[in-house]
Amino acid sequence: MAFLQSSCIVLTTTPHHHTSPSSESFSANPSHFFTHPNRTHRLQVSCNSSEKQTPQGKLDRRNMLLGLGGLYGASNLASSPHGNAAPIKPPELNKCGEARDVASGDLLDVNCCPPLTDTIIDYKLPNFTKLRVRPPAHKVNKEYLAKFEEAIRRMKALDKSDPTDPRGFMQQANIHCAYCNGAYDQVGYPNIDIQVHESWLFFPFHRWYLYFYERILGELIDDPTFALPFWNWDNPKGMQMPKIFDTESSPLYNKNRNQANRPPTLIDLGFSGASDDLQVVVNNLTIMYSEMIRSVNSTLDFMGQPYIAGQLPRPGMGSSERGSHIAAHVFVGDPRNKYSEDMGNFYSAGRDTLFYSHHANVDRMWSIWKTLKTDVPKEINNPDYLNASFLFYDEKKRLVRVKVADSLDYKKMGYEYEKVDIPWLNYKPSKKAAKSKIRKIPSDAKKAEELFPITLNKTVRVLVNKSAKGQADEVLVLEDIETDTTKFIKFDVFVNDEDDEANELDRAEYAGTFAQVPHKTKAKKGKSTISLKLTELYEDIDIADDDTVVLTIIPRSNGGDVTIGGIKIIPSPTKSA
Ligand code: C2O
């Protein structure tokens, strides 16, 4: 079960590129962002794929089922005779504990526990007369900005006037810390954290978080129509930190940001290190198209992997979370700070006003994805997903319990997004003008059976049989990828490509990237299996008569610390969750 708990392995469709100053800082920063807590007073949590033991040994079987779900959809879970309903339950606030850095396991010098209240109310979405419309941050007018700034000013003022008011700015920021840095255990599993990243809870949790944050801001300025601005990083017009957040006298300003990335620096969603602005924009659009459409073979590929009660956290990120979402965190986080605070670490991310606008766009991506006419089902019907729940304080300081099921339709939550262009929607790499000449590919390409397992200390070319000729609906599976978990690892995969030096991503042959950020695990080696959707790629590189393709695997970082067990092309597995 190689893909079991492959939580810390990141498969991105973002570009690779050569070692450059920016890829250096990528390797340094995200390690803080992504790794497991290691608490001395608790069992260490591991995301090592080979780890099957949990403190509750009886759960192993379930975890194994989940492992299957990881690759092929988890629909078997709900109907499994062995699977009892086990949605993640809301935390017990009175048991809130210490927060730790998820990469190093260091105890953090923060108390991010919320105030306690006796009564918990089951939240009912209120009626509304008008949808709140979230505008793109780069386009807001003066009047809007004045309101937004005033709301933030008042929220920050609460920190001083009543630090225990759960609507205060630091209290709001601490929500993220508590849910993400191990302050809460799962109810009934005192050694297992609640973690809202790297699983199917990622989108719903953050939607609810922003929902209350927005309503609190509206309450503080007595304007129930107030809507958060979104950082439109998927559009060239929004590919810098929005200027409203970069005015030093504004309450939206935060000095804990990467100074080199202040406007007009363009965000590089793929850490490509491309120096030419046009190439950065083109790469960004390619990445957006890839993580939203091209490489996404199943519901969970996009949403993230199943995560239920008793399961170790971080079973696996969806394409959006591991792609553009993380890129923006790393872009804004301040490398001068130990843990890349604020945006570069879970515990502090909510202290940056820009965090909420970043996540508004992440949320918008979820809403756009649901409207795409692709063959991937857009809903997860598993009750363990729908019934997962969280606690928040609402704008009236009431402690409320909310369910994932109530967050699926944002319009029912009373808001929508201002319509702007979506320039990546059809951003396909240009088709090969001529058929890619497989017969011309150098004769150093060997058959997979002869080559694997293989250590990636140099570029590998390998012949792989398709399951059928031509443009079949197929998926590339790289099996038993074994990595040194303490290293930053990245390699790229191209199909029928003659060029070893792929500096540009907007090419038809680019199939995807494997990336792993350094993380703490019990075992130093982690194993995982990844799959990449090939269907559209086949359409773009005419292979109509071929029953074999040549894969080129290019190591970008620490290839010598990666072994790939096997490689195969199989018919596309189940797409639904
Ligand atoms: Cu909860 Cu973008 O992190």
Item to check | Entries of K378/K403; K89/K373; K466/K575; K533/K575; K124/K412; K373/K575 with Cα pairs more than 22 Å apart | outcome: K89/K373
Checklist outcome for this item: Lys and Arg at +1, Asp and Glu at -1: neighbours of K568 with Cβ under 12 Å from its Cβ sum to -2
Checklist entry - Round to a whole number: what % of the accessible area of segment 296-430 belongs to carbon and sulfur, probe 1.4 Å? => result 49
Checklist entry - From the square roots a ≥ b ≥ c of the eigenvalues of the alpha-carbon gyration tensor of segment 297-407, which class results: rounded (a/c under 1.5), prolate (a/b over b/c), or oblate? => result oblate
Checklist entry - Across segment 78-149, how large is the tail of the calculated P(r) beyond 20 Å, expressed as a percent of all Cα pairs? => result 70
Checklist entry - So which aspartates and glutamates pass the test for K469, namely a Cα distance under 12 Å, with those fewer than 8 places away in the same chain ruled out? => result D542, D545, D546, D547
Checklist entry - Principal axis lengths of segment 145-253 from Cα atoms, whole Å, largest first? => result 46, 40, 26
Next on the checklist: Can you give me the accessible area per residue for segment 228-333, using a 1.4 Å probe, in Å²?
Outcome noted: 23
Checklist outcome for this item: Computed about the Cα centre, the charge dipole of segment 277-430 from +1 Lys/Arg and -1 Asp/Glu charges at the Cβ has a magnitude in debye, to the nearest 20, of 280
Item to check | Formal net charge of residues neighbouring P313 (Cβ-Cβ distance under 12 Å; K, R +1; D, E -1) | outcome: -2
Item to check | Spherically averaged projected area in nm², based on the convex hull that wraps the Cα atoms of segment 245-341 | outcome: 8.6
Checklist entry - Tell me, how many Å apart are the Cα centres for segment 315-367 and for segment 381-419? => result 20
Item to check | Fraction of accessible area attributable to carbon and sulfur, segment 175-235 (%, probe 1.4 Å) | outcome: 49
Item to check | segment 169-215 - accessible surface per residue (Å², probe 1.4 Å) | outcome: 13
Next on the checklist: With every protein chain kept in place and ligands, DNA and RNA left out, what is the accessible area per residue of segment 364-432? Probe 1.4 Å, answer in Å².
Outcome noted: 46
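The values are calculated or read from the model by the stated rules, or taken from the named source; none is laboratory data. Given the structure is predicted, the values throughout are model-derived calculations rather than measurements. When we count neighbours, we look across all protein chains shown, and the Cβ atoms used for this are built from the backbone with ideal geometry, even at glycine. To get the accessible areas, we keep the full protein, side chains included, count just its heavy atoms, and leave off ligands, DNA and RNA. Shrake-Rupley method; radii C 1.70, N 1.55, O 1.52, S 1.80 Å.
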